[in-house]
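Remarks on the structure that follows.
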Amino acid sequence: MKIAKIILILLILSNTNIFGVVTRNYSSSRKGFYNNGTYNGIMLTEQGSLILAPIIEKDGAIEGKFIWKIYNSSDGSMYAAISGDGAELYKREAGEIDFNLFVKSTNESAFTSVISDNSGNIYAATAPYARIIKYDKSGNEIWNKNVDDTYIWDMKFDNNGNLYAAAGGNNARVLKISSNGNITEILKTEEQHAMSLYFDSKNNKLYIGTAGRGLVLSVDLSTNLENPSYKTVYDTAQN
């Protein structure tokens, strides 16, 4: 009996891999190795690494349209600047799911940017012949201004209710627009487009991102904007 127990123990020790978990690693340097896979909660980076993916949920849809800009107004409603069948603005009321047509301009190809002021008026920019159109909260046109450019990519308000527009096509420009539609050019560079704006309300500075060299510029709005100057905060080309 003692001999039988010893033999059984020796057999168990010699075959421990039968009861263990064997880890196998697979790797491939072949391009497209993961292309046929189904990703659930993970994503593939350009370097070929698998990492945890953010949760993405569908929060509405406007079928058959190209959405250039989404703007969330202070009252909780959301506006979408659209192209597809002319220039269209869609609006989703606060607490609702569906977007509904707010205004449409058949003479224009696209709305590229949209923003609202504290009174609920809507400002929408068109392309490819850049205009800024001001609507009241019901969608009635108040004024329509040609800005003598191709595109308006972004718009922001300052602390005094002045509107600034990032324009481009031939040169990167920033325009200041008053509530009654008076337009003043405050910046013009050799870049092709002014693409994005950020207003620093604490320091009263406007930051501009450009396309071309990829510059980040800043304008101090407390200075004389009739003869404005700007600083290059960052140059992506490091020039």
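The values are calculated or read from the model by the stated rules, or taken from the named source; none is laboratory data. It should be emphasised that the depicted structure is a prediction, and the values quoted were computed from it without experimental measurement. Every residue, glycine among them, receives a Cβ derived from its backbone with ideal geometry; neighbour counts consider all protein chains shown.
Of the strands (runs of 3 or more DSSP E) lying entirely inside segment 178-238, those containing at least 2 residues that are in contact (Cβ under 8 Å) with a residue 12 or more places away in the chain and buried (at least 17 other Cβ atoms within 10 Å of the Cβ) are 183-188, 193-200, 205-211, 215-220.
Condition check: under 21 Å from the mean Cα position of the chain (by Cα), charged (D, E, K, R) and not assigned by TED's automatic domain parsing to the domain that holds Ala166. Does Asp98 satisfy that? When the stated conditions are applied, Asp98 passes them.
Report whether or not Ile67 is surrounded by 15 or more Cβ atoms within 10 Å (Cβ to Cβ), within 17 Å of the chain's Cα centre (by Cα), in contact (Cβ under 8 Å) with a residue 12 or more places away in the chain and farther than 20 Å from Ile177 by Cβ.
Numbers: surrounded by 15 or more Cβ atoms within 10 Å (Cβ to Cβ): yes; within 17 Å of the chain's Cα centre (by Cα): yes; in contact (Cβ under 8 Å) with a residue 12 or more places away in the chain: yes; farther than 20 Å from Ile177 by Cβ: yes.
Spelling it out, Ile67 is indeed surrounded by 15 or more Cβ atoms within 10 Å (Cβ to Cβ), within 17 Å of the chain's Cα centre (by Cα), in contact (Cβ under 8 Å) with a residue 12 or more places away in the chain and farther than 20 Å from Ile177 by Cβ.
If I ask for residues that are surrounded by fewer than 18 Cβ atoms within 10 Å (Cβ to Cβ) and at negative phi, which ones from segment 79-112 would you list? If you could, list the steps in order and put the result at the bottom.
Pass one, segment 79-112, residues surrounded by fewer than 18 Cβ atoms within 10 Å (Cβ to Cβ): 84-86, 93-98, 100-101, 104, 106-107, 109.
Within segment 79-112, Asp85, Glu93, Ala94, Glu96, Ile97, Asp98, Asn100, Leu101, Lys104, Thr106, Asn107, Ser109 qualify.
Among the residues of segment 81-95, what is the count of those that are more than 15 Å from Lys137 (Cα to Cα) and either within 17 Å of the chain's Cα centre (by Cα) or assigned to a strand (DSSP E or B) (or both)? Residues that pass the stated criteria total 5. For segment 49-68, which positions are assigned to a strand (DSSP E or B), of a type in the set (Val, Ile, Thr) and over 21 Å from Pro128 (Cβ atoms)? Within segment 49-68, Ile51 is the sole residue that qualifies.
With respect to Asp75, is the statement that it is closer than 21 Å to Ser179 by Cβ, touching a residue at least 60 places away in the same chain (Cβ under 8 Å) and within 21 Å of the chain's Cα centre (by Cα) true? So Asp75 fails the test. Considering the conditions (1) in contact with a Phe, Trp or Tyr (Cβ under 6 Å, 6 or more places away or on another chain); (2) not in a loop (DSSP other than H, G, I, E, B), Trp153 is excluded by exactly one of them, (1).
Checked against (1) modelled with pLDDT of 95 or more; (2) assigned to a loop (DSSP other than H, G, I, E, B); (3) closer than 20 Å to Tyr207 by Cα, Ile115 passes all but a single condition, namely (2). Checked against the criterion of being touching a Lys or Arg at 6+ places or on another chain (Cβ under 7 Å), outside the structural domain of Lys188 (by TED's automatic domain parsing) and either assigned to a strand (DSSP E or B) or under 30 Å from Asn170 (Cβ atoms) (or both), the candidates Tyr71, Tyr129, Tyr123 yield just one match: Tyr123. Each residue in segment 131-181 was checked for being in contact with a His (Cβ under 7 Å, 6 or more places away or on another chain) and at pLDDT 95 or above, and 1 pass. With respect to being among the charged types (D, E, K, R) and surrounded by 10 or more Cβ atoms within 10 Å (Cβ to Cβ), Asp59 falls outside the description.
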